[in-house]
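For reference, the structure is listed below as C-alpha cells.
The values are calculated or read from the model by the stated rules, or taken from the named source; none is laboratory data. Note that this is a predicted model, so its numbers are computed, not measured. A quick note on method: Cβ atoms are made from the backbone with ideal geometry, for glycine too, and the neighbour counts reach across all protein chains shown.
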Amino acid sequence: MLTGYENKSDIPFVPALLSMKRKDKLRIIHILTESMLTPSSEKEDDYTSKMLDKHFGCWAGEESVDDIMASIKSSSAIREPLSM
C-alpha cells in the first residue's frame, strides 16, 4: 500500500489516520484528492503576486520604462566620485 515505506509508523500522522473511522478516512481522501486536482502553480503564482504587490508595490502608471528612467535621471544630482 505505502510503497517504499516499510515502517508506517515512521510517518507521524499515519498511526492517527489508521485509527480513524472509515467514514472519516474517506472524507480526508476526498479533501486530499480535491487539493491535488487544483493546480498548485496557480495557487503559488497568485500568492507570489499578492506578496510582491504588498511588499514591493507595483507601478500602475501610463509611463514607459524609458520615461520613468528619464524622469529619475533628470531629477537626480550628479556628484563627482570621492577621491581617497
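For (1) assigned to a loop (DSSP other than H, G, I, E, B); (2) at pLDDT below 85, each residue gets a yes or a no:
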{"position": "Glu6", "(1), (2)": "yes, yes"}
{"position": "Thr33", "(1), (2)": "no, no"}
{"position": "Ser41", "(1), (2)": "no, yes"}
{"position": "Lys54", "(1), (2)": "no, yes"}
{"position": "Ser83", "(1), (2)": "yes, yes"}
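Entry remark, segment 56-72: residues being at pLDDT 80 or above, in a helix (DSSP H, G or I) and either loosely packed, with under 10 Cβ neighbours inside 10 Å or not charged (D, E, K, R) (or both) number 7 in total.
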